[in-house]
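The values are calculated or read from the model by the stated rules, or taken from the named source; none is laboratory data. What you see is a predicted model, and the numbers here were worked out from it, not measured in a lab. As a convention, Cβ positions derive from the backbone with ideal geometry for all residues, glycine included, and neighbour counts pool all protein chains shown.
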Amino acid sequence: MLSKNYESLEQLAIELTTPFVTDSEKVRSIFIYVTHAIKYDVNKPLNQTLLRTFTFQSAVSVLMKRKAVCEGYANLFKELCVASGIKAEFIGGYARNEEESIAEPHAWNAAYINNEWKLFDPTWAAGGVNAQTKKFYQQFEEKYFMTAPQKLIQSHYPDDPMWQLLNLPVTRKQFENKSTFSEINFSFNDTIGNHYKTDSIARMANELKRMIAFDPGNDTYSRQLNMFNENLEVDKMNRANDIAQEAIDSLNETSRFITSARQKRNYTAMNENEKLLFDKINGAEKKIKSALELLRQCSPSLPQNKMMVRNNISTLKQNLEAITNNKKYLFNYYNTPKANRARLL
């Protein structure tokens, strides 16, 4: 099986797990495959991205090339688990060997087995790199399969502290000082449970807040949270603008119709389109007010975005005045007896 070329993760997942019944056995089969079929790519530099987006080695590309760094190992392990119906996560963070004091960017995994999260590092389990030759050597390390959280935290520090899987998690500073003593009460099971109940935006915000709480001196995390919050405000602004544009299009269409009818003194067209005109103008008014409400909720921090919000609110107020004027004209026109309407055109 290791020598076969697979282009489909699903096909490989079926072959790896079909002989087994329990999730533990299936994950074991996947882990053995990943750690034996993939070689560490010594020529690919480590990505320093703190939020673990990495340069992205997809599971499929790793499967085809049979080479990867930690990102690729972790992605392939995760996707094979997911394809087998087993919940799994890619964990980004830092790791160091026992003799090292400085941790480097790294990626590993968690998988949900028998109602319990377990930790795995397929990269370190696959072997290592010879310090002299700089070549990868394959040497399976059993200890990185379902590693106890209390053990893994000695060498692996996840960006998101909930993936320590510890009810007394350590801070980044404690990890760097090789201290595993903690007095921080933290229910990781409840936190992970809530994590899966929220949408992707709330997940990212909560993750960043946890990262800052456990590594308060890391300005990068704070900047990332500020950027994230600013992007949320920009997204809110864009949604308001989209709603406003629909309203403005409807308003302009109504205004053009009224202007054309007045210029041509076409009271027949006006008389026949009362409901259409009121539907359009009322719909535009409702959307303008909705866009205004959304913009008033925006609180961007960047000066240019603040100015944009102010300008957009001012523009929408002007459009709201135009709607009011059009409605006044329509009310006046349609409340006038038909015989006298021609003089209003």
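With the requirement that a residue be aliphatic (A, V, I, L, M) and surrounded by 17 or more Cβ atoms within 10 Å (Cβ to Cβ), what does the stretch 321-345 give you?
Passing the criteria: A322, I323, L330.
Provide a single number: the residues in the stretch 333-345 that are at pLDDT 90 or above and within 16 Å of T259 (Cβ to Cβ).
1
Search the stretch 61-80 for residues that are without any contact (Cβ under 8 Å) to a residue 40 or more places away in the chain and charged (D, E, K, R) and pair each with any residue that is assigned to a helix (DSSP H, G or I) and surrounded by 24 or more Cβ atoms within 10 Å (Cβ to Cβ) when their beta-carbon atoms are under 9 Å apart and the residues are at least 6 apart or on different chains.
The qualifying pairs are K65/G72; E71/V62; E71/T123.
I need the full set of residues from the stretch 237-265 which are farther than 19 Å from A284 by Cα and surrounded by 15 or more Cβ atoms within 10 Å (Cβ to Cβ), in order please.
Hits for the stretch 237-265 are A261, R262.
Cβ-Cβ distance below 8 Å, separation of 6 or more or different chains: which pairs start in the stretch 94-121 with a residue that is under 22 Å from Q139 (Cβ atoms) and assigned by TED's automatic domain parsing to the domain that holds V27 and end on one that is loosely packed, with under 12 Cβ neighbours inside 10 Å and β-branched (V, I, T)?
Between residues of the stretch 94-121 that are under 22 Å from Q139 (Cβ atoms) and assigned by TED's automatic domain parsing to the domain that holds V27 and residues that are loosely packed, with under 12 Cβ neighbours inside 10 Å and β-branched (V, I, T), the close pairs are R96/I102.
Is it the case that S290 is surrounded by fewer than 18 Cβ atoms within 10 Å (Cβ to Cβ), outside any helix (DSSP H, G or I), touching a residue at least 24 places away in the same chain (Cβ under 8 Å) and not basic (K, R)?
So S290 fails the test.
Go through the stretch 293-311 and give me each residue that's part of a loop (DSSP other than H, G, I, E, B) and among the hydrophobic types (A, V, I, L, M, F, W, C).
Selection gives C298, L302.
Residues are listed down the side, and each one gets a yes or a no for (1) at pLDDT below 95; (2) closer than 16 Å to F90 by Cα; (3) assigned to a helix (DSSP H, G or I):
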{"position": "V27", "(1), (2), (3)": "no, yes, yes"}
{"position": "F31", "(1), (2), (3)": "no, yes, yes"}
{"position": "N43", "(1), (2), (3)": "yes, no, no"}
{"position": "N47", "(1), (2), (3)": "yes, yes, no"}
{"position": "L50", "(1), (2), (3)": "yes, yes, no"}
{"position": "F56", "(1), (2), (3)": "yes, yes, no"}
{"position": "S61", "(1), (2), (3)": "yes, no, yes"}
{"position": "L76", "(1), (2), (3)": "no, yes, yes"}
{"position": "E79", "(1), (2), (3)": "no, yes, yes"}
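Would you please name the residue that is surrounded by the most Cβ atoms within 10 Å (Cβ to Cβ), looking only at residues in the stretch 88-133 that are of a type in the set (D, E, K, R) and in a loop (DSSP other than H, G, I, E, B)?
The extreme case among them is D121.
Is there a residue being within 29 Å of the chain's Cα centre (by Cα), at pLDDT below 95 and not in a loop (DSSP other than H, G, I, E, B) anywhere in the stretch 2-9?
Yes, the stretch 2-9 has at least one match.
Tell me, which residue of the stretch 177-198 that is at pLDDT 90 or above and charged (D, E, K, R) is farthest from the chain's Cα centre (by Cα)?
If we take residues in the stretch 177-198 being at pLDDT 90 or above and charged (D, E, K, R), then D190 is farthest from the chain's Cα centre (by Cα).
Could you please find all residues in the stretch 134-160 being farther than 21 Å from K39 by Cα, touching a residue at least 12 places away in the same chain (Cβ under 8 Å) and in a helix (DSSP H, G or I)?
Scanning the stretch 134-160 gives P149, Q150, L152.
On the basis of being over 21 Å from the mean Cα position of the chain (by Cα), in a helix (DSSP H, G or I) and surrounded by 13 or more Cβ atoms within 10 Å (Cβ to Cβ), does R210 make the cut?
No; evaluated as a whole, the condition is false for this residue.
For W163, which of the numbered conditions (1) crowded, with 20+ Cβ neighbours inside 10 Å; (2) part of a helix (DSSP H, G or I); (3) touching a helix residue (DSSP H, G or I) at 6+ places or on another chain (Cβ under 7 Å) fails to hold?
(3)
Tally the residues that are under 29 Å from K173 (Cβ atoms) and not hydroxyl-bearing (S, T, Y), restricting the search to the stretch 79-110.
So the count comes out to 20.
Just one of I243, I258, I248, I281 is in the same structural domain as A339 (by TED's automatic domain parsing), within 31 Å of the chain's Cα centre (by Cα), within 30 Å of Y333 (Cα to Cα) and in a helix (DSSP H, G or I); which is it?
Exactly one of I243, I258, I248, I281 is in the same structural domain as A339 (by TED's automatic domain parsing), within 31 Å of the chain's Cα centre (by Cα), within 30 Å of Y333 (Cα to Cα) and in a helix (DSSP H, G or I), namely I243.
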